[in-house]
Each structure stands twice: as C-alpha cells, then as structure tokens.
Amino acid sequence: MLKKITAYLLLSLVTQLYSQNKVSNAQKKAESYLEKVQENYKEGNYKLHKIYSDSLYNISKKNNLKALQVKALVNQAISLNIQTKYVEGITLYKKALAIAKTIPESKQAETVVLVNLGNIYNNVELYEKSIETMEKALKQATYMKNPNLIKMAALNGLSTSYSALNKEKKSLLYAQQVKKIGEETGNESIILTSLNHISSSYYKLGEYEKSIEIANRARKYKAFEKNTRVKAWILVNLGVANLKLEFYNKAEGYLKQALSIASEKNIEEIEMICYKNLAITYQKLNKTTAYLNAEKQHNKSRISFLKNQKKAITEELKAEIKAKEETVLAKEDTEALFSEQQKTTLWFSVFCVIGLGGLFWIYIKKNEEKSVTKETNEITEKIKETPEKYKNSSLSKEDRVSYQQKILKAIEEEKIYLNHDLTQANFAKKLSLSSHHLSEVFSFEFDKNFYQLINSYRIKEAKKILELPTNKDYKIIAVAYDAGFKSKTTFNRVFKEQTGYTPTEYRKKTNKIGSTL
C-alpha cells in the first residue's frame, strides 16, 4: 500500500513538474514572439508584425498567459488600425480590456489598452471620447513603476485630439511634454513622434517655415530611417508646408517619398493625404495627366476611408446604446424605477433621437460619397477624353510648344500681364496668332484658358506687394492696379478663389508670420 502511495505521489510530482516546464517553455516562446512583434513594428515591417502578433495570441491563449494575450490583442488591433479597419480594431481592444481586468494587479495591462483605444477613437473622429480615455490612462500611469511610455502615448493622443478640435496651442503644449520625456529617457522614437506633432501644429498655425525647420530637425535622428510610419508623416509635413510656400518641386518630392512608404506599408490614411496634396501640386506644375490620376486616386482612397470611419462610428454608437440599455434594466430590477409606459416613452425617445442622428449622419456621408464618386467619374472621363482632344488639334505639337515658349516669354520677361487693357485678341495679335489658335495653345499646353493663366501671374504679383512690410498701408485698389487688374471687385474675387483669403486677410496673415520668425 505504501509503495502504491509513493508511486502515486511520484507520478503526481512528475506530472506537475512537466506541466510547469511546459508552461515555462510556452512563456519563453511567447516572450520571444513579443520581442519579434515589437522589433518589426519599430522597423516598419507591418506584415511580419501582424504574423508574429497572431502567433503570440495563439500560444498565449492556449497556455492561459493572460498578460501576453492582452499584448497580442493590442498589437493585432494596431495592425488593423493601420489598415483603417477600425471596427475590428475597437472590438479587439475591448476584448483585451476585458481580459486585462481579470489579471491581478491589472492596471498596467489595462492602461496600455486604454491608450491604444484612445488612438483609434481619434482616427474615427470621436475626439471627446479619445480625450476622456487618454486622461484616464494618464491618471492610471502615475501608479505604475515605469510610467514614461504610457505617459508619452497618452500625451501624444491628447495632442492629436486637441489639434483635430482646432485647439492648436493646447495640442502643441502636449507635444512639447512628449518631447521632454523623450529627451529625458534618450528615446529617439518618442522624440521623433513629438517632433512630428510639433511640426504639424506649426503648419496648422500657418507657420510653414517653422514647420519645415522642425521636420528637418527630426530627419537628423538615426531613428528616422527605422520608424517608417513616423517617417512618412514627417515627409507629409515637409510636403504640405513646401506646397503652401509654393516650392512645388520640393513638395512633389517629399509627398512622393511619403506615398511610397504608405503604399508599401498599406497605410491608407497617409496615402489619401498624399494623393490629395499631390493633385494640388501637379495642378500648380501644369502636369495635367499626373494631376488627374492623383485626383482620381485621392477620391478612391477617400471613399474607402469614409466607409471605414462611418462603420466604426455606427458600431460604437450601437455599443453605447446597448450599455445604456443594460444599465437601465439593472436599475429596474433593483429599484423598479420606471413603469412600463415610462420605459416605452423613454426608449421611443432615445431611439428617435439616435435614429434621426443616424439618418442625418448617413445623409451627410452619402452626399459626400456621391459627390466624391461624381468627381471620380468626371476625372475618369477627362482622362479618357485627353487623347481625343489632342487628335482634334489644328496645330502640330511642335507649333504649340513653340507658341508656348513665346507666351511664357511675353508673360515672364515682358510682364505683359501688368497691362490693364490686355485681352485675348490683342495678345493673339502680338504673337501673330488667331484667337482660336491661341485658345488651343492655352488649352493643350497650359491646361488653362487665357484669363486663368494671366490672372494667376497677377495674383503672384499682388502677393509679393502685400507681403512687403513697407506696403502695409498700401490701399487694396492700388495693389490691384499695380498687379494688372482694372477692377477691385474682380481682384478680390480672383484673389479669394486662388488663395482662400481676401487680400486684406492675406496681408494680415503674412505680416503676422513675418513678425514671429
């Protein structure tokens, strides 16, 4: 009998040791996957990042390694977030949050999930919800042993939220706090993230030179080449700031670099922004075919982005309704707060409000999508029509290019656009051309009509006059006349169309920027 008990105890001990050894080996394997997950994300290899995240989830779930399971779910959600699959991402974050709350001393795991959930709320424009989530994460971070990474992520998210709400100075304040943490810890990735936000804030404040200066400072860090997602955003900042300053070739170069990274890494939001600004750049550089293609790609990516965003917001609203419903039902069970009639009236009111809100949201988004689709179709037709248009030309390509050079010489060297009485007819006569052939050259070689091109040069001249501090008291009618316009009304209209500002607003803006540099 004693021998049987001894044998049983030995068998139990061996089984226990085997089980512990198995868990230990699984833990080591899972931790090695986690290292790979972090390494590949840092290097911008998002495909491998996803593969290792999935492997980490499978092994941690199988072996009930809850802390590692939470980290796996967070990284899976990050991968979905990059692809703008926001609904799926939010679902995984909430799943991770539920598991995190079952772990003893779960605050750290829970806080990590909250920070990432806050980021995805920013992406779907639920900014107030993001701020609430980030502030909660920031508060919880103070009780952690190593709070800096969480603080950095939460402050970074708050910077994004306040920027989107047009509270740019507050956004800049949070970004500078992130930079301080990065410098204190010597973490270049954190510094780069903060510099990206600071550059973006200066851009939104209209300080384009400062935005470029900060972005160029970021490019000097070694981590700039590794952290490809942040790198792409910094290149976007350089592109859009140079575009505003009318350095179109520089803008094109930076935006194409950012687009290349975004396309390779499947970062849809950056692709959309790049196509949008490249379309503007190509239009300014008179690259018609490139402009039409960029505009078409922008509309295509924009439709996809809006669909994902709308889907995420709808699902989040459904979740909130369900949570409220459960809260009300729980109160009814304990306190019998409402009669059946009161409940019916309450829920009818709630669903009416939500229904009307949902219908209004769908109406706005559908109109926007219809508008975008219409634009895309028009652009596609333009692309198709372009070769046909050239077939109908009565001038040869060589003749058109020759007349194009004569037109540019008359405009840029002789500054013929300053002539108030300039018309298409007398300009054609000056070039020994018929008005019809002159229109043809403008249409094919400039992709603009006569007055669009002439007025673009007149506006450039007006901007130079307005930008000079010595001309701050110069009358607007005088600026218009000096730039080649006969009428103040026409000048104001064309200036607003081409710059987005009235001449008076533009002078105030440029003088303000000049005084801050």
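Readers should treat all values here as calculations from the given coordinates under stated rules, not as data from a laboratory. All values reported here derive from a predicted model rather than from experimental measurement. Reconstructed Cβ throughout: ideal geometry from the backbone, glycine too, with neighbour counts over all protein chains shown.
Work out, step by step, the length gained on full extension between residue 64 and residue 219: first 0.36 nm times the residue separation, then minus their alpha carbon distance; give nm to one decimal.
Contour length minus the Cα-Cα distance gives 51.5 nm.
The number of Lys pairs in segment 393-447 with C-alpha atoms less than 17 Å apart, excluding pairs fewer than 8 positions apart on the same chain, is 8.
Applying 0.36 nm per residue to the separation of residue 300 and residue 24 and subtracting their alpha-carbon distance, the gain on full extension is 94.4 nm.
Going by neighbour counts of Cβ atoms within 10 Å, the residues 420, 49 line up, fewest first, as 420, 49. If R0 is 60 Å, the Cβ-Cβ spacing of residue 401 and residue 103 corresponds to a FRET efficiency of close to 0.25.
For segment 451-517, a/c is not less than 1.5, where a ≥ b ≥ c are the root eigenvalues of the C-alpha gyration tensor, and a/b tops b/c. That puts it in the prolate class. Assuming a ≥ b ≥ c are the square roots of the Cα gyration tensor eigenvalues, decide whether segment 138-296 counts as rounded (a/c under 1.5), prolate (otherwise, with a/b larger than b/c) or oblate. It comes out prolate by the Cα gyration axes.
From the cross-link list 50/250; 145/179; 95/231, which pairs have alpha carbons spaced over 29 Å apart? Where the Cα-Cα span goes over 29 Å, the pairs concerned are 50/250; 95/231.
Listing 217, 458 from fewest to most neighbouring C-beta atoms within 10 Å gives 217, 458. Using bins of 10 Å that start at zero, the share of Cα-Cα pairs per bin across segment 393-447 amounts to 24, 60, 15, 1, in whole %.
The distance linking segment 422-438 with segment 77-135 is 64 Å (Cα centroid to Cα centroid, whole angstrom). Here segment 25-165 is treated with +1 on each Lys and Arg Cβ and -1 on each Asp and Glu Cβ, and its dipole about the Cα centre works out to around 460 debye.
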